[in-house]
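Undergrad: Dumping the structure here so I can ask a few things about it.
The values are calculated or read from the model by the stated rules, or taken from the named source; none is laboratory data. Every value quoted in this text rests on a predicted model; they were computed, and no experiment measured them. Heads up, the Cβs are rebuilt from the backbone with ideal geometry, glycines too, and the neighbour counts pull from every protein chain shown. Note: areas computed on protein heavy atoms with side chains; ligands, DNA, RNA excluded. Shrake-Rupley method; radii C 1.70, N 1.55, O 1.52, S 1.80 Å.
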Amino acid sequence: MTDSLPHLSTEFFTWLWWASEDGGGRIDVGGEEIILWVDDRLAFRLPSEDAARMVMTGADTARAAEAKAALAAGKVIKELRLRLQWADREYGFTLKGPSLDVGALVLPPLPEEGDEQDRLWVRMESIEALWAVLGALYRKFSEIRISDEWPDDVVPAVHRWLAGEE
């Protein structure tokens, strides 16, 4: 889906980062609130290249001045590690590249009770729930991206955020 428009993944990644900080980590998705934050990895590349030019890891990566400076200098996000809390679950995962691949997935812990089949169903349901939330986030981004809100409100707000004005 995003391979035909590869810039959408980089815009989506930037929007996720900005939206998570703009809302104090809280994002309304289809009437439900999720908590989302950039975890411990951001990889940047030049728009004309595929290879990562700058990889930042460690605690508070998203708050490092170098991270916002990379975006302000024209680099785009190639991949980012996110944490997501929703309902009683917490996930960790990395979103990568134009096809929005999910890697390094950390799912909520399995319940102690139940047999192996029950635990497998719980695991499958956790993965399905994460896909639903990621789909809802992308849908929200897509709706904003094609609306007048994108050029009128979001892009200027992101520029102010990058400049440290918000």
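Undergrad: Using a 1.4 Å probe over the heavy atoms of the protein chains, calculate the carbon and sulfur portion of the accessible area of the stretch 72-140 as a whole percent.
TA: Its accessible area is 55 percent carbon and sulfur atoms.
Undergrad: With only alpha-carbon atoms in the gyration tensor, what are the semi-axes of the equivalent ellipsoid for the stretch 26-72, in Å, largest first?
TA: Those come to 25, 14, 9 Å.
Undergrad: Compute the signed sum of charges (Lys and Arg +1, Asp and Glu -1) over the other residues within less than 11 Å, Cβ to Cβ, of residue 51.
TA: Combined, the nearby Lys, Arg, Asp and Glu give +1.
Undergrad: If you don't mind, there's one more thing I want to ask. Please give, to one decimal in nm, the separation of the simple spin-label points placed at residue 60 and residue 143, each 7 Å out from Cα toward the Cβ.
TA: Each label point is offset 7 Å from its Cα along the Cβ direction, giving 3.5 nm.
Undergrad: Under a point-charge model restricted to the Cβ atoms of Lys and Arg (+1) and Asp and Glu (-1), what is the dipole moment magnitude of the stretch 84-166 relative to its Cα centre, in debye to the nearest 20?
TA: Using only the charged Cβ atoms, the result is roughly 340 debye.
Undergrad: Length gain on complete extension for the stretch residue 102 to residue 37, per 0.36 nm per residue less the alpha carbon to alpha carbon distance?
TA: Length difference between fully extended and current span is 21.8 nm.
Undergrad: Kindly point out which whole DSSP H helices in the chain project their C-alpha atoms 15 angstrom or further along the helix axis while averaging a Kyte-Doolittle hydropathy of -1.0 or above.
TA: 7-22, 116-145
Undergrad: While we're on this one: So what is the 222 nm mean residue ellipticity for the chain from helices alone, if each DSSP H run of at least 4 adds -39500 (n - 2.57) and you divide by all residues, rounding to the nearest 500 deg cm²/dmol?
TA: Taking each H run of at least 4 residues, the total per residue is -12500 deg cm²/dmol.
Undergrad: Keeping all protein chains in place, calculate the accessible area per residue for the chain (probe 1.4 angstrom), answer in Å².
TA: Roughly 55 Å² per residue, with all protein chains present.
Undergrad: Here's another thing I want to ask about it. Could you state, as a whole-number percent, how many of the C-alpha pairs of the stretch 1-82 are farther apart than 18 Å?
TA: 41
Undergrad: I would also like to ask the following. Among rounded, prolate and oblate, which fits the stretch 45-112 when a ≥ b ≥ c are the square roots of the eigenvalues of its C-alpha gyration tensor, a/c under 1.5 means rounded, and a/b larger than b/c means prolate?
TA: prolate
Undergrad: Also, I was wondering about something else. Using every alpha carbon pair in the chain, what percent of pairs falls into each 10 Å bin from 0 up to the bin containing the largest distance?
TA: All Cα pairs, binned at 10 Å, distribute as 9, 38, 36, 13, 4, 0 percent.
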